[in-house]
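*Asks:* Encoded as structure tokens, here's the structure I'll be asking about.
Throughout, read-outs are computed from the coordinates displayed, never taken from laboratory work. Model, not experiment: these values are computed from the prediction. Here the Cβ positions follow ideal geometry from the backbone for every residue, glycine too, while neighbour counts run over all protein chains shown.
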Amino acid sequence: MSTIALPPAETTRIEQPGRAVRVMRYMRRNKGLAIGILILFGLTAFTVIGLMTINPKHAYPLSAALKKPPSWRYPFGTDFFGRDLYAAMVVGMWQTAVIGLLAGGIGTLVGVIFGFISAYFSGKIDASIRTVCQILTPIPVLMIQVVIAGSLDKRDVTILTMAMIVVLLAWMGPTLVIRSQVLTMKERQFVAVAKLSGVSDLGIIFKEIMPCLLPFIAAAFVAQVFAAVFASFYLAVLGLGPLREPLLGNLIWAAQSQGAFFNGWWWWPIIPSVAMILILGSLALINMGLDELANPRVRRTE
Amino acid sequence: MTLKLAIRRLLFLVLVIWAASTIVFFIPRLSNRNALRERFGELARTGGFSPQDLEKIIASMQQQFGLDQPLLHQYWTYLGNIVRMDFGYSLYRYPSTVSELIAQSLPWTIGLLLVTTILSFIIGNLLGAVAAWPRAPRWLRLTATPFILLTGVPPVIMAILLIFFIGFRLKWLPLGGAYSVGIVPTWSWSFALDMLKHQILPALALIFGSVGGWVLSMRGMGITIQGEDYVNFAEHKGLTGGRIFRDYYLRNALLPQITGLALALGTVIGSAIIVEGLFGLPGIGNMLNLAIRANDFPTIYGIVLFITIAVALLMTLVEFIYPLLDPRIKNS
């Protein structure tokens, strides 16, 4: 019986790069996500620094000179009603963020709850939730939002009600996504093992399934924020927003009703449009990036 | 498609229309706004009649609109009216009914929608298919990239940017309106040309706003199709690249996109309406814009319901047509 003399094991430790390095490396592969986060970070910095330095009163009518093109004093110009558009952008951006985060958060939360209930308990509950979702999905959401916003008293339309209007018909998407994901998770072996070991329903939901779903929930949340910003923007462009507030869509509505282009005040509609492109573009990039993170199957095959 | 499936689809369509009408019926009645009082109060303020007359007028109008009936009774009549596509009278342009107003502005909207949807569907799908096709020349594949970057830009903002660059800066095309101010609509070539000129920017805005979505989904579809056995087989048979692209690759990748078209309809129509309003074209969008400004509630609700029903109908239509295009799902 001969033993093979093994050379003394060399103690080479594999250097695990730090967390930050790994995140940076992933970002280099997933460029869309990185660019999206960068733009969003820039917008946040603009809003936060702006909120600290401007006088929010200048975002409302009759607080600045009228119809001045961009200059040193007014970097974004002023509008027909005497709003400093720089202040209006800062406040409008902040309000857009509030609507997006609030509506996106509530929509995702409701979607996650309904999706879990529907998939986990199945049977009649599942059938009814699914049917409601299926009936509501083909109805153009914007149209119903027009009815709701139009029926409200103008004084009742605030940033908060805008968020609520948007969220009322926005939970179906995340519900269906989470439901289908939970349905596939439920059949996995680790859930069966947990069940056999006597873990309670709630324990399985929160300790076993939820952690696996986090990337999907994050993606659904970003998608919801995108949809909420988009919807509130469209409503405001139609003149159904809180008309006094310098919401980005309101500025465009006001510019359009005063014939800004016909009168040569080009900066008035252009500045909120560019801001909106940056917001929606960064959210779309982050959403696509998260999709890639959550769903390796859609990773680019190029 | 079996008869049973067809009946189920139709029942679903009825259910969707019923749900939409019910929402549109009950939401305004939950609010404390009184459309009639607002409209006639406004007229009373601008002069014309005394406050005592105001109450009388409101009472008689309420009777005429059936608003003095119990709620459930109103609901039943309302549902009956919806079936007959009767959305009541416009408050702002009173003697005309909402249906008449819709019929007047519908051709404009349909024209714009049809042209832009078909064009962006074709352009987007071709570009997407080419972008995923490894044998295509590099410059052709790269043409898809700018459109993908535009995906996040809503058509409305696209419209504003186009107005700014092409209309305002370069002065190539008009800034808005259906035809030049001071021109009398006639059946002449010069008028048709003028009208067409005013349609270019809105159409471009809608096309640029939606091509990116088609490019993205088609590219994804194309990548999956390339791995299929029948594409491999076609290559080994020695078919020409063009033939494989057209008959084996494009045809199969295009089918799911048609379902996508049905799903996108709601968004497409919503965008078209807002873009129309922005340009002041005399379509449904402009009508909705005016109705919102004038607090003309019956018109707002009528337009909303009409669009909802149209979208639901079109979606069902696509579902019925689909099995004719794709024989594989005939029996499933």
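*Asks:* Size of the dipole of the protein assembly as shown about the Cα centre, Lys and Arg at +1 and Asp and Glu at -1 on the beta carbon, nothing else charged, in debye to 20?
*Replies:* 1140
*Asks:* Also, quick follow-up: Taking the Cα centre of the protein assembly as shown as the origin and placing charges on Cβ (Lys, Arg +1; Asp, Glu -1), which of B:209, A:283, B:164 is farthest toward the positive end of the dipole?
*Replies:* Highest projection toward the positive end goes to A:283.
*Asks:* Would you calculate the separation in nanometres between label points at residue B:9 and residue A:124, each defined as 7 Å from the Cα along the Cα-to-beta-carbon direction?
*Replies:* Here the answer is 3.1 nm between the modelled labels.
*Asks:* Give the average, rounded to an integer, of partner chain Cβ atoms located within 10 angstrom of each Cβ in A:282-292.
*Replies:* Details: counts 1, 1, 5, 3, 0, 1, 4, 0, 0, 0, 0.
Across the residues of A:282-292, the mean count of other-chain Cβ atoms within 10 Å is 1.
*Asks:* Once Lys and Arg get +1 and Asp and Glu get -1 on their Cβ, which of B:97, B:85, B:226 lies farthest toward the positive end of the dipole of chain B?
*Replies:* The listed residue farthest towards the positive side: B:226.
*Asks:* Roughly how tilted is helix A:141-151, in degrees to the nearest 10 and between 0 and 90, from the longest Cα axis of chain A?
*Replies:* Its long axis makes an angle of about 40 degrees.
*Asks:* Turning to a different aspect of this structure: Taking 8 Å as the Cα distance limit and 6 or more residues as the minimum spacing, I'd like the relative contact order of segment B:104-295 as a percentage.
*Replies:* Numbers: 217 pairs, mean separation 64.2, N = 192.
Relative contact order here is 33 percent.
*Asks:* Are there chymotrypsin sites (Phe, Trp or Tyr not before Pro) in segment B:1-107 that DSSP marks as loop and that have at most 13 other Cβ atoms within 10 Å, and which are they?
*Replies:* Passing both the DSSP loop test and the Cβ count: B:49.
*Asks:* Distance in nm between label sites at residue A:263 and residue A:161, each 7 Å beyond Cα in the beta-carbon direction?
*Replies:* 2.8
*Asks:* Can you figure out the FRET efficiency of residue B:26 with residue B:63, using R₀ = 22 Å and their beta-carbon distance, to the nearest 0.05?
*Replies:* Approximately 0.55, to the nearest 0.05.
*Asks:* Ok, one more. Any idea how far apart residue A:184 and residue A:44 come out in nm if each label point goes 7 Å out from Cα toward Cβ?
*Replies:* With each label point 7 Å from Cα toward Cβ, the separation is 3.0 nm.
*Asks:* Next question. Shielding of A:129-139 by partners, i.e. mean partner chain Cβ atoms within 10 Å per residue?
*Replies:* Numbers: counts 0, 0, 2, 1, 0, 3, 8, 4, 4, 16, 13.
If you average over the peptide's residues, the count of other-chain Cβ atoms is 5.
*Asks:* Mean Kyte-Doolittle of at least -1.0 plus a Cα span of 27 Å or more along the axis: flag which DSSP H helices in chain B meet both, please.
*Replies:* Details: long enough: B:3-30 (40 Å, 1.77); B:98-131 (46 Å, 1.62); B:189-226 (49 Å, 0.93); B:251-279 (38 Å, 1.34); B:297-325 (42 Å, 2.07).
Helix filter hits for chain B: B:3-30, B:98-131, B:189-226, B:251-279, B:297-325.
*Asks:* Find the centroid of the Cα atoms in segment A:255-281 and in segment B:139-205, then give the distance between the two in whole Å.
*Replies:* 16
*Asks:* Once you average over the residues of B:9-16, how many Cβ atoms of partner chains fall within 10 Å of each Cβ?
*Replies:* What the average comes to for B:9-16 is 2.
*Asks:* Of A:92, A:36, A:74, which is farthest along the charge dipole of segment A:30-157 in the positive direction, counting Lys and Arg as +1 and Asp and Glu as -1 at C-beta?
*Replies:* Result: A:74.
*Asks:* A follow-up question, please. What dipole magnitude, in Debye to the nearest 20, does segment A:31-159 give about its Cα centre under +1 on Lys/Arg Cβ and -1 on Asp/Glu Cβ?
*Replies:* Result for segment A:31-159 is approximately 260 debye, rounded to the nearest 20.
*Asks:* Next question, about the same structure. Contact order normalised by length for chain A, with contacts defined as Cα pairs under 8 Å and 6 or more residues apart; what percent is it? Please report the intermediate quantities before stating the final value.
*Replies:* On the way: 378 pairs, mean separation 73.8, N = 302.
Dividing the mean separation by the residue count of chain A yields 24 percent.
*Asks:* While we're on this one: Taking 0.36 nm per residue of sequence separation and subtracting the Cα-Cα distance, how much length would be gained by fully extending the chain between residue B:200 and residue B:37, in nm to one decimal?
*Replies:* Difference between extended and current length: 54.5 nm.
*Asks:* Could you give the angle, 0 to 90 degrees to the nearest 10, between helix A:159-168's Cα long axis and the longest principal axis of the Cα atoms of chain A?
*Replies:* Helix A:159-168 sits roughly 50 degrees off the main axis of chain A.
*Asks:* Place the peptides B:295-308, B:102-115 in order of packing, highest mean first, counting for every residue the other Cβ atoms within 10 Å and averaging per peptide.
*Replies:* Sorting B:295-308, B:102-115 by mean packing, highest first, produces B:295-308, B:102-115.
*Asks:* Where the centroid of each part is defined by its Cα atoms, how far is segment B:244-296 from segment A:43-87 in Å?
*Replies:* 35
*Asks:* Separate question: What does the charge dipole of segment B:104-295 about its Cα centre add up to, to the nearest 20 debye, if the Cβ of each Lys and Arg holds +1 and the Cβ of each Asp and Glu holds -1?
*Replies:* The calculation lands at about 400 debye.
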